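Participant: Got a structure for you, questions after.
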């Protein structure tokens, strides 16, 4: 019989506690390869991996320095560099941060930035004179954010406090939430997961001036295949260890913040806690403990849970309907996924469809825009027509916005050397013109705006829309 223990700690203490649990198992005679640390997503392992490195405990390394190039982490570190030295401002750091959160000014300021790699905040302030009143106000607000961060650092803020300023007061967290909202399913780490991991790492290196180099150095530590095994839960089905640590059993991870199917998320958690032969330790943020972790210690409620042997609910068969080259999602629609896996739409959500597979008792997410085969026809899955609001043809404001978006698209296509339709289709620009989104989150709700396009073009699109708002 295995022993289960739930540890609730303050978020900054979780990585230290994980190291204490691991070293206790090793001290009691377990070999490193008999211990595993499991998490819902890869970035959640980042604090544990670094903490084990700091403690000199051999371990596998699921993450390397490439994680520093992920959007949220990359932008947070760019903000940190700017706040540390506004006398030596890197042009790349300005371009990295100016549209996160979206300030709708990047397209106006980029041509004015000096081509030299370095400048200063004072020199940046002079650029405002070359902007119109609206863009000048937005750019000055951006500079104000940088001075706010610099003031916190000058006042002695540690790394965690600096990251809180960046995430909450400046608004990087909200910007990353908007990017996450455009994702169709929780595969891999979300931007919010990355920022959570970075915040926990701050407890391990409180000096903001040393933080970035310290982190990059720790991520260069070679992996030890015979060390403590670090992995996401999805990669360990069917495997067992003598001792397992389930790390960051927090709200937002179990169930994942992007997941639609809570029961599937509960099954993922169940996989994690059943990978052990002798002991399992579940570590959770005291303030944001996962309801699944709470269920481990709560009295039995008699709540029925689904099991793989439960029969699937009766299926209603939907007749396939097509909107141009797109198949419209509907409950009961049969389709074939890439690789030949067949299934039927169980539920249509805001970002896509939940598809119950035929071969196994499992539900997978398929996003709007993903390629599927319906009735022998290769197409893309589309949102129901009611979710697509076309701009009225006789609305002058919408027409002007659409034409402005087309002009912007032509310039962007020429600058990037790609066909205009790869930037945005006309039908997607019509929807954007009709909805007139004001924020990245609202733009993410428009069809055709996936995570990559939202990140790459979102600020410019919002700028064009704002310029033509009534």
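Participant: Scan the stretch 135-155 for residues that are over 20 Å from residue 462 (Cα atoms) and without any contact (Cβ under 8 Å) to a residue 12 or more places away in the chain and jot them down.
Facilitator: Once the filter is applied, which keeps residues that are over 20 Å from residue 462 (Cα atoms) and without any contact (Cβ under 8 Å) to a residue 12 or more places away in the chain, the stretch 135-155 yields 144, 151, 154, 155.
Participant: Pick out the one residue from 243, 234 that is assigned to a helix (DSSP H, G or I) and more than 26 Å from residue 79 (Cβ to Cβ). Steps first, please.
Facilitator: Working: 243 fails: assigned to a helix (DSSP H, G or I).
Of the residues listed, the single one that is assigned to a helix (DSSP H, G or I) and more than 26 Å from residue 79 (Cβ to Cβ) is 234.
Participant: I've got another one for you. When residue 117 is evaluated against the numbered criteria (1) in the same structural domain as residue 165 (by TED's automatic domain parsing); (2) crowded, with 22+ Cβ neighbours inside 10 Å, which criterion, by number, is the only one it fails?
Facilitator: (2)
Participant: Sticking with this structure for a sec: What are the pairs with Cβ atoms under 7 angstrom where one residue, in the stretch 234-255, is in the same structural domain as residue 7 (by TED's automatic domain parsing) and closer than 20 Å to residue 297 by Cβ and the other, located anywhere, is surrounded by fewer than 17 Cβ atoms within 10 Å (Cβ to Cβ) and at pLDDT below 90? Sequence gap at least six, or different chains.
Facilitator: Partner pairs satisfying both residue conditions: 255/262.
Participant: I would also like to ask the following. Using the structure shown, decide if residue 456 is outside any loop (DSSP other than H, G, I, E, B), at pLDDT 85 or above and surrounded by fewer than 21 Cβ atoms within 10 Å (Cβ to Cβ).
Facilitator: Details: outside any loop (DSSP other than H, G, I, E, B): yes; at pLDDT 85 or above: no; surrounded by fewer than 21 Cβ atoms within 10 Å (Cβ to Cβ): yes.
For residue 456, the condition - outside any loop (DSSP other than H, G, I, E, B), at pLDDT 85 or above and surrounded by fewer than 21 Cβ atoms within 10 Å (Cβ to Cβ) - is not met.
Participant: If you don't mind, there's one more thing I want to ask. What about residue 280, is it under 11 Å from residue 254 (Cβ atoms), assigned by TED's automatic domain parsing to the domain that holds residue 14, crowded, with 16+ Cβ neighbours inside 10 Å and at pLDDT 90 or above? Write out each step before concluding.
Facilitator: On the way: under 11 Å from residue 254 (Cβ atoms): no; assigned by TED's automatic domain parsing to the domain that holds residue 14: yes; crowded, with 16+ Cβ neighbours inside 10 Å: yes; at pLDDT 90 or above: yes.
No.
Participant: Still on this structure, I have one more. Being at pLDDT 90 or above, closer than 30 Å to residue 296 by Cα, within 29 Å of the chain's Cα centre (by Cα) and assigned to a helix (DSSP H, G or I) is true for just one of 33, 24, 51, 76. Which residue is that? Show your work before the answer.
Facilitator: Numbers: 33 fails: within 29 Å of the chain's Cα centre (by Cα); 24 fails: within 29 Å of the chain's Cα centre (by Cα); 76 fails: closer than 30 Å to residue 296 by Cα.
Result of the check over 33, 24, 51, 76: 51.
Participant: Modelled with pLDDT of 95 or more, surrounded by fewer than 19 Cβ atoms within 10 Å (Cβ to Cβ) and not assigned by TED's automatic domain parsing to the domain that holds residue 450: which single residue out of 187, 174, 161 fits that description? Spell out how you get there, then give the answer.
Facilitator: Working: 187 fails: modelled with pLDDT of 95 or more; 174 fails: modelled with pLDDT of 95 or more.
None of the others qualify; the one that does is 161.
Participant: Follow-up. Just checking, how many residues over the stretch 87-99 are crowded, with 17+ Cβ neighbours inside 10 Å and at pLDDT 90 or above? Can you show your working first?
Facilitator: Step one: filter the stretch 87-99 for residues crowded, with 17+ Cβ neighbours inside 10 Å, giving 89, 93-94, 96-99.
Keeping just the survivors that are at pLDDT 90 or above gives 89, 93-94, 96-98.
The number of residues fulfilling the criteria is 6.
Residue by residue, here is whether (1) surrounded by fewer than 13 Cβ atoms within 10 Å (Cβ to Cβ); (2) modelled with pLDDT under 85; (3) assigned to a helix (DSSP H, G or I) holds:
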| residue | (1), (2), (3) |
| --- | --- |
| 361 | no, yes, no |
| 366 | no, yes, no |
| 372 | no, yes, no |
| 401 | no, no, yes |
| 410 | yes, no, yes |
| 415 | yes, yes, yes |
| 432 | no, no, yes |
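Participant: Going by the conditions given, is residue 433 in contact (Cβ under 8 Å) with a residue 60 or more places away in the chain and either out of contact with any helix residue (DSSP H, G or I) (no Cβ under 8 Å at 6 or more places or on another chain) or not assigned by TED's automatic domain parsing to the domain that holds residue 171 (or both)? Even if it seems obvious, please write down each step before you answer.
Facilitator: On the way: in contact (Cβ under 8 Å) with a residue 60 or more places away in the chain: no; either out of contact with any helix residue (DSSP H, G or I) (no Cβ under 8 Å at 6 or more places or on another chain) or not assigned by TED's automatic domain parsing to the domain that holds residue 171 (or both): yes.
It is false that residue 433 is in contact (Cβ under 8 Å) with a residue 60 or more places away in the chain and either out of contact with any helix residue (DSSP H, G or I) (no Cβ under 8 Å at 6 or more places or on another chain) or not assigned by TED's automatic domain parsing to the domain that holds residue 171 (or both).
Participant: On to the next question. Within the stretch 100-122, track down each residue that is without any contact (Cβ under 8 Å) to a residue 60 or more places away in the chain, out of contact with any strand residue (DSSP E or B) (no Cβ under 8 Å at 6 or more places or on another chain) and in a helix (DSSP H, G or I). Write out each step before concluding.
Facilitator: As a first pass, look at the stretch 100-122 and keep what is without any contact (Cβ under 8 Å) to a residue 60 or more places away in the chain: 109-122.
The next check asks that each one be out of contact with any strand residue (DSSP E or B) (no Cβ under 8 Å at 6 or more places or on another chain); those that pass are 109-112, 114-116, 122.
Hits for the stretch 100-122 are 109, 110, 111, 112, 122.
The values are calculated or read from the model by the stated rules, or taken from the named source; none is laboratory data. Just so we're clear, the structure is a prediction, and the values are computed from it rather than from any experiment. Glycine also receives a Cβ, built like all others from the backbone with ideal geometry; neighbour counts cover every protein chain displayed.
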